[in-house]
Structure formats: structure tokens, C-alpha cells
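Written out below as C-alpha cells is the structure these notes cover.
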Amino acid sequence: FLPGRHRMNAVRDTDADAVQVVRDETWFAGRASRGVQGLKAYDPGHDLVAFRRQFGEANLVELGSNENPYGPSPEARAAILDQLHSLHRYPDPLGADLKRALAKKHGVDAKQILLGNGSHEVLMQLAQVFAGADEDVVFSRYGFAVFALATQAAGATMRIVPALPDDHPTMPLGHDLDAIAAAITDRTKLVYLANPNNPTGTWFGQAAFAAFMAKVPAHVIVVMDEAYAELADEDAATALPLLAGHSNLALTRTFSKAYGLAGLRVGYLIGAPGLVAVMERLRESFNVNGPALAACEAALGDTAHLEWARERNAEQRVALTEAFGRRGLRAMPSQTNFVLVRFGPDTARIEAELTRRGVVLRPMGGYGLPEYLRVTVGTVDENRRLLAAVDDVLAEVRA
Ligand SMILES: *Cc1c(COP(=O)(O)O)cnc(C)c1O
């Protein structure tokens, strides 16, 4: 006896139209809320699962998603194994142990921390909580893709501020903080910044950020997305030192990049206790799973592993930047685990040829940067295979 099928047959008998007309995406979009009507789904890049099947994992060089090629701390793996006996239990709905560990690490109160299923979730929730119809959200052109998604999903208006020019002497395509401050109006509820930013790799320093915050009206909430903070030099600002003096400031971090735990989906926000309390109203219960909570807490404790991965990445980023330079390709300045590289007018063809050879990078057409590819900094071996494929393809394209 199949109750579902039984019900469907009943519908078929009484309302023939209902089963014959299959409504398409356009029809459902028309039924969606105003913000969602104009929305395009997040573009995760290539279908990696299909590529892995096609090439076999060992033959693939996956440098499209800014993952940490060294993986997480072994202690994070051990913590997950230790959780396997209690998968039938709900996780701690408060994530209290992880919050305590994060609070200690950052020198803040645990009440200042909100956990998310990736920082993507936290960034979406910020717009959902604080912005709506007839209100503005301000961010830079080439700012992280989720800023536009979050704003539109909330039904708010995007105020996209032109980036610094691509021939800027120090920060090509970077955030223009003066212009961002100037774009704030009475209707502005939120400003999203990313430091360092993805996909540009650009950053700004502490003094510039403090000067920016001094210009922002106190009713506007500034969100600093610091997904790459652990990989950046001290030169790149973090919002942490300014938090105490600015309750309208919040920062987001993630375990997906430097900590090598992208598969677990954990990010977090640090902000004023009141801001966190309001965000909690919309947080899904149990949004961070048990193994993830345990693994992140363990990963935080293993500072040696983090430092090791950080040093490897910094060294390989320099090597990769120089290697592209020797090939006449400009890698933009970066303090992250990726570089944005200008491949020029043949970018689409180059990218297709690289993909055919099992080298996966991230096309930038969706960002309005069709002559660039974003290249994750890999291990020595991955970078060697990448560059060999680039040489092969360039010889073909330039011939
Ligand atoms: C990768 C990334 C994130 C992190 O996303 P998660 O959802 O935490 O995996 C956030 N912001 C930027 C700028 C990123 O590049």
C-alpha cells in the first residue's frame, strides 16, 4: 500500500489539468517573493563530482574552489571519529563548547558569537534580519558573490560601488573604501566588505578601515567578511580591534579555508551581544552538526597545523605568482590562498583546454571579469601540474 500513489490517483480522477500541466521555472518564479524573482542561484563553478567520475580523482587538479589542499588538523579527524557513536543524538543546539573556544581565541565573550552552517549562511541571514524592501545594502563591485545573493533574497536594493581600477598601482579591482562610505544613504541598512576579498584577493589595512568606520553612520551595520584572515599578512585589517568601540560592526570567519574543513560547513560571526541575539531569532535550530562542532573545536586547538598550512600557502602563492609572471600572465596581488590571473581575450578557450586536461580553475565571467581566471594555490605538485598544463595550452593558443 502506497499512500502517496493513492493520493495522486485521486487527484488524477478529479482534476486532470493539475497533473498534465507541469509548471516551469518561469511560472514558479512568478509566484516567488519579489527579491527571489530577480535572483540567480549561486554559481559553484564546474560540476566537480562529474569531473571526478570522468578523470578519476588522481588525474584531476582541483584548483577552483579555494580549498586547503593540506586538509584539516589530524585532531579534527580524530574528533569526528569520536562523535560517530552519537549520530542518533541531536547536536548541542547552542554549540556552547565551540563558542567558548572561539571566544577565548578572539578575546571576546561567547555571547558575541553566532555559529553558521558555513559563513555563507551567516552572510545570508544578516541581510534577511537587517534589510528589506525599500532599503539599501552597499558593497563593492567584485565583492564576494554572496553579498548580491543575500541582498536580493532579502528583497533589498543593491548599491554596487565601482571598484578601484584594474591599473591601480597597489590594489587593482580592490574595494574603494572612500566611495563605499560615500554611497551610504538614509536607506542603507548594511554594508558588506570582504578583507581580503574573493575573487580579487585584494585587501585594505587597519588605518584605512578605521578611517572608513569613522565615516559610517552608527545606524548602518558593517559586515567584514574575513574568510581568509588566517592566511593574510598582518597588513590586512581585521575588524576585531574595532569591535569594542563599534556595536554596528560584525565580522564573519570560516573553517572552510585556512582550517581545511570546507566539507563540514562551519562559519561564525563575531559582533555585539545584542546583534547576535537578534540573529539567533532566525537561526535554524541545530544548524551546525555534532561532528562539525567537535572537529572545529579540535582544529582551533591545533595552532601548529594552521601555522604550517599558512606558511606552505604563502610560499606557494609567491612561487605561483612569479611563475605566471614569467609566462607573461599577470597574477593580481593577493593575501589569500588564490590568485586572480589575467589570461586575456583567449581566456574562455584557455579555460576549456585546461578543463579538458583535468585542470579545474574558476571562470570569472559571472563576476564580469571574463578575461580572468581564479586560481587556488595548490601544493607544490598540484602547482607543477597546473603550470605544465598552462604551458601546453598557451603553446597551442599562441601558435
Ligand atoms: C569561501 C568564502 C566564504 C566561506 O564560505 P563558507 O560558507 O564558510 O564555506 C565566505 N566569504 C568569502 C569571501 C569566501 O571566499
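The values are calculated or read from the model by the stated rules, or taken from the named source; none is laboratory data. Only a predicted model underlies this, so the values are computations on that prediction, with no experimental measurement involved. Positions of Cβ are backbone-derived with ideal geometry, glycine not excepted, and every protein chain shown enters the neighbour counts.
Observations
- The residues of segment 125-166 that are touching a strand residue (DSSP E or B) at 6+ places or on another chain (Cβ under 9 Å), within 30 Å of Ala294 (Cα to Cα) and not in a loop (DSSP other than H, G, I, E, B), listed by number, are Gln125, Leu126, Ala127, Val146, Phe147, Ala150.
- Residue match in segment 344-353 (condition: modelled with pLDDT of 95 or more, among the polar types (S, T, N, Q), farther than 17 Å from Lys257 by Cβ and not in a loop (DSSP other than H, G, I, E, B)): yes
- When residues in segment 73-127 are screened for being under 30 Å from Ala244 (Cβ atoms) and within 16 Å of the ligand (Cβ to nearest atom), 18 of them pass.
- Exclusive hit being within 11 Å of the ligand (Cβ to nearest atom), of a type in the set (Val, Ile, Thr) and within 26 Å of Gly368 (Cα to Cα), set Thr200, Thr170, Thr157, Thr188: Thr200
- Residues located in segment 48-73, provided they are loosely packed, with under 14 Cβ neighbours inside 10 Å and not in a loop (DSSP other than H, G, I, E, B): Val49, Ala50, Arg53, Gln54, Glu57, Ala58, Asn59
- Qualifying residue in segment 34-47 (condition: touching a helix residue (DSSP H, G or I) at 6+ places or on another chain (Cβ under 6 Å), in contact (Cβ under 8 Å) with a residue 12 or more places away in the chain, closer than 21 Å to Tyr268 by Cβ and surrounded by 18 or more Cβ atoms within 10 Å (Cβ to Cβ)): no
- Within segment 370-384, the set of residues being crowded, with 21+ Cβ neighbours inside 10 Å and among the aliphatic types (A, V, I, L, M) comprises Leu373, Val375, Val377.
- Residues in segment 197-209 that are more than 20 Å from the chain's Cα centre (by Cα) and buried (at least 20 other Cβ atoms within 10 Å of the Cβ): 1 in all.
- Scanning segment 250-260 for residues that are more than 9 Å from the ligand (Cβ to nearest atom) and either outside any strand (DSSP E or B) or free of Cβ contacts under 8 Å to residues at least 60 places away in the same chain (or both) yields Leu251, Ala258, Tyr259, Gly260.
- Test result for Val108, in contact with a helix residue (DSSP H, G or I) (Cβ under 9 Å, 6 or more places away or on another chain), in a loop (DSSP other than H, G, I, E, B), on the phi < 0 side of the Ramachandran plot and at pLDDT 95 or above: yes
- Residue in segment 167-196 that is farthest from the chain's Cα centre (by Cα), counting only those that are touching a residue at least 60 places away in the same chain (Cβ under 8 Å) and part of a loop (DSSP other than H, G, I, E, B): Thr170
- Among (1) within 21 Å of Gly368 (Cα to Cα); (2) over 15 Å from the mean Cα position of the chain (by Cα); (3) surrounded by 19 or more Cβ atoms within 10 Å (Cβ to Cβ), the one test that Val146 misses: (2)
- Number of residues in segment 343-358 that are surrounded by 14 or more Cβ atoms within 10 Å (Cβ to Cβ) and either charged (D, E, K, R) or touching a His at 6+ places or on another chain (Cβ under 9 Å) (or both): the value is 5.
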